[in-house]
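Here is the structure we will look at.
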Amino acid sequence: MFAKYGSSFSGQGIQWSAQAWEAMLRPRIGQLPENCDPADIVAVLQGMLTGKAKKAMGGAFPVSIDDFFEQLGQCFTAAQYHLRVSQALEAGNFFDGVDYHHQAALAIQVFENLPHTDNSAVMIARALCFADEDTFVSLDLMVDEANVGNIRQWCTRYQRCVDVKLAAKRNNQLLVEQHQ
């Protein structure tokens, strides 16, 4: 079923807003055979909830897929998601638990979940700069110059630089091992 391709939703993290999670799952739900019982689909969706989302939706038993996503959206609004992202940035834990190599991809995904404003772009740029200021500065990027038109390109450039740094580190380790 589509759940194997989906991702869980906790309502706590910064990776998914409720709206983005729904947008990711809707096309997959649409590909299911027409004879699938909506109640079964809702049961699978409820099984994909974790943390606060599971607790918030635990007592709710929506009978349709639309009702499920409507209730989820009421419990976890876009404004709450934006606040969670802002708080993670201000606390300096935006990338906690995220592998260095995947930070730019997460930054793009989070940006896609936020309102596409220059302020959102600056927030994402600030997170990347905080994570690795040397890489950010070496690319001659200025946080306050981030905007909707350039943030994706900046994330891509940042990722390429990270890839080069990681490759150089691996090569240095190989050279050290060879000379021992």
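The values are calculated or read from the model by the stated rules, or taken from the named source; none is laboratory data. Quantities reported herein were computed from a predicted structural model and do not represent experimental measurements. Neighbour counts run over all protein chains shown; Cβ positions are idealised from the backbone, glycine included. Side chains are part of the model used for accessible areas, which takes the heavy atoms of the whole protein and leaves out ligands, DNA and RNA. Shrake-Rupley method; radii C 1.70, N 1.55, O 1.52, S 1.80 Å.
For the reader, a short list of remarks on this structure follows.
- In segment 115-172, of all residues being charged (D, E, K, R) and not in a helix (DSSP H, G or I), the one that is most open to solvent (accessible area, probe 1.4 Å) corresponds to 140.
- Residue check for residue 20: assigned to a helix (DSSP H, G or I) and over 13 Å from the mean Cα position of the chain (by Cα): no
- Considering segment 37-54, and only residues there that are among the charged types (D, E, K, R) and more than 21 Å from the chain's Cα centre (by Cα), the residue that is surrounded by the most Cβ atoms within 10 Å (Cβ to Cβ) turns out to be 40.
- Test: residue in segment 70-80 that is in contact (Cβ under 8 Å) with a residue 60 or more places away in the chain, assigned to a helix (DSSP H, G or I) and farther than 30 Å from residue 145 by Cβ: yes
- Considering each residue of segment 15-23 in turn, none proves to be at pLDDT 85 or above, loosely packed, with under 13 Cβ neighbours inside 10 Å and not acidic (Asp, Glu).
- If you go through segment 14-43 and keep only what is among the β-branched types (Val, Ile, Thr) and out of contact with any Lys or Arg (no Cβ under 8 Å at 6 or more places or on another chain), you end up with 29, 41, 42.
- Among the residues of segment 81-107, those that are open to solvent by 30 Å² or more (accessible area, probe 1.4 Å) and within 19 Å of residue 144 (Cβ to Cβ) comprise 89, 90.
- Cβ-Cβ distances below 6 Å connect the following pairs, each with a first residue in segment 148-164 that is under 17 Å from residue 114 (Cβ atoms), a second residue that is in a helix (DSSP H, G or I) and of a type in the set (Gly, Ala, Ser), and a separation of six or more residues or different chains: 148/121; 151/121; 155/104; 155/107.
- Taken together, the criteria place residue 63 among residues that are at pLDDT below 85 and among the β-branched types (Val, Ile, Thr).
- Flag for residue 110 being assigned to a helix (DSSP H, G or I), at pLDDT below 90 and open to solvent by less than 50 Å² (accessible area, probe 1.4 Å): yes
- Filtered by the rule that a residue be at pLDDT 80 or above, surrounded by 14 or more Cβ atoms within 10 Å (Cβ to Cβ) and touching a helix residue (DSSP H, G or I) at 6+ places or on another chain (Cβ under 6 Å), segment 1-13 gives 9, 10, 11.
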